Structure formats: structure tokens, C-alpha cells
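Only one structure is covered here, and it is reproduced in the block below.
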Amino acid sequence: MHFKKFFNDLGFSEKESLIFLNLYKLGTQPASIIAKYSNLERTYVYKVLLKLCDENLISVTTKNNIKYFFISDLSLIKKYIKQKQDSYKKLENDYQNIETELIQFNKKYNFDIPKITIYDSLEWLKNIYDDIYNYVIKKWYLSIKLFASNTLEAAWNTNDIAKRYREDFFSKLKENQIFVDTFLWNWISLMESLWRVKGIDWLNNLPAANSSINIIIIWSIVYIIIFKDVPIWIRIDSEELAYSMHFIFEHLN
């Protein structure tokens, strides 16, 4: 194994490895000589040599007010490795306490910070529908809120795969008698009117392309799906946001 790679593996840079190696080759020298031999700036080399002193890898002495650096014994490298091993072993032993502390911190504050998950692939679109459906069934919810754009322009270029995923999703909701409280932005190209509709049979015909949007609210979770060539979906776990949207939808009519 080459020394530079070995020294790099200890956590030192290429230049630090070079400075140590040149100091060993030249013997006791001031920083200026090591810098010239290494073709590096003197102030930088001086700082590195002081760092190596702090790590107990090299030693320093003063003569005529000039610091001379030297390597007293190569076994100091082995001693340095042993110190690092002992240090990491202690960290490993302390990890359990740190992990417990972090988990408690997470439990204390996780309700205050919304959790946001974002994906942008067609494969993950199926996963988001499965995620919504499984969450509804697991929690025994009897209804969900759906806000969707329903413009003619968006329907011109329907994504067949996205449409199939959505049809399967609504079919499973219907089989389990889950009510979909639906609000639609309608018209040709602009969202010129907002209607509240009931029923689930015709929701399969909603657009699934050209940036059409579905927003699904289930208790304290908000799902946002933007249909493009590569669909984007977002899950936001936030009671404050979900409750605000519940309130807005309930007062649309």
C-alpha cells in the first residue's frame, strides 16, 4: 500500500500526506524548507505541521526563535490509529444513548413540522394511489374529498397509463363504498366555474394530462397529483393544512 493512500485513509488530504512524507525524508526542518521542497505555500505548510503536532504525529522544537519540525518515531502512526480505534469504540458504546435522545426529540417535535414527500415518475403514480387507498381502508374512513381540474384542453392528451391507474383506484373505492366528495373546476381551457358533484361512476373520465390537477384530502393528509408526461405527486402530512382545506371545501357552496 502506498503511503499517501494510507495517510488519506487516516483522514488526511493529499497535501497533508505529502508534507508528512517530505518531513520524514528531510528530517528536522523549519516550515519554509518543507514548503519549498513540497512546492506549497509556506503559511499553509506551517498550519499543516501544527495540525500534525496537535495529532501527536510529529514533534516541534524551537531554535533561535524558529520552529523546527521532526518525526521522532514512526510508531506514532500506529499509536494514532489505536487512539482513533478507541475513540470510535467509545462512540459506538455511546450510540444507544444518542439514538434514544434523538428519537425522543423526534417524538417531541414531529407534530409541528409537516412531512412532505415528492415523487415524479409514472411508476410512483400507482404507488400514490395504493398509498391513498390503503390509508383509507386502514383507518376505516367512509369518505374522501377530491378537488380536480376538468378542462377540455387537459383532456385532449390523456395519459392512458395514468388513466388506467386512476380507474382502478376509483373502482376499488366504489367496491368498498367509499364516498368521494368531489369539487370540479370546469370549462374549456380556463377554470371558469367550480361545481360540487356527487357520485363516483364518471370520475374515471377526468383528464390525466396537460397539467390537470387532483387534490385528495383524507383527514390530516393532503395528496396533490399533477398529470404531465412524467406525473408529479406530493404527499403532505400536516393537520393544519388538511383542516384548512377541509374548511375551504365545506364553504364553497
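Within the set ASP130, ASP94, the sole residue that is closer than 30 Å to ILE232 by Cα and under 29 Å from the mean Cα position of the chain (by Cα) turns out to be ASP130.
One residue alone among ILE58, ILE77, ILE128, ILE98 is within 30 Å of ILE226 (Cα to Cα) and β-branched (Val, Ile, Thr), and that residue is ILE128. Got at least one residue in region 129-136 being of a type in the set (D, E, K, R), farther than 27 Å from LEU194 by Cα and modelled with pLDDT of 85 or more? Yes, the conditions are met somewhere in region 129-136.
Of all helices (runs of 4 or more DSSP H) completely enclosed by region 137-253, which ones contain at least 3 residues that are modelled with pLDDT of 80 or more, touching a helix residue (DSSP H, G or I) at 6+ places or on another chain (Cβ under 8 Å) and within 24 Å of ASN127 (Cα to Cα)?
Those helices (runs of 4 or more DSSP H) span 160-175.
Contact annotation: no residue pair with Cβ atoms under 7 Å, 6 or more positions apart or on different chains, pairs a residue in region 157-178 that is closer than 14 Å to ILE128 by Cβ and surrounded by fewer than 14 Cβ atoms within 10 Å (Cβ to Cβ) with a partner that is at pLDDT below 90 and of a type in the set (Gly, Ala, Ser). Among the residues of region 109-128, the one identified as at pLDDT 80 or above and in contact with an Asp or Glu (Cβ under 7 Å, 6 or more places away or on another chain) is LYS115.
The values are calculated or read from the model by the stated rules, or taken from the named source; none is laboratory data. Nothing here was measured: the structure is a model prediction, and the numbers come from that model. Cβ sites come from the backbone with ideal geometry, for glycine too, and all protein chains shown count toward neighbours.
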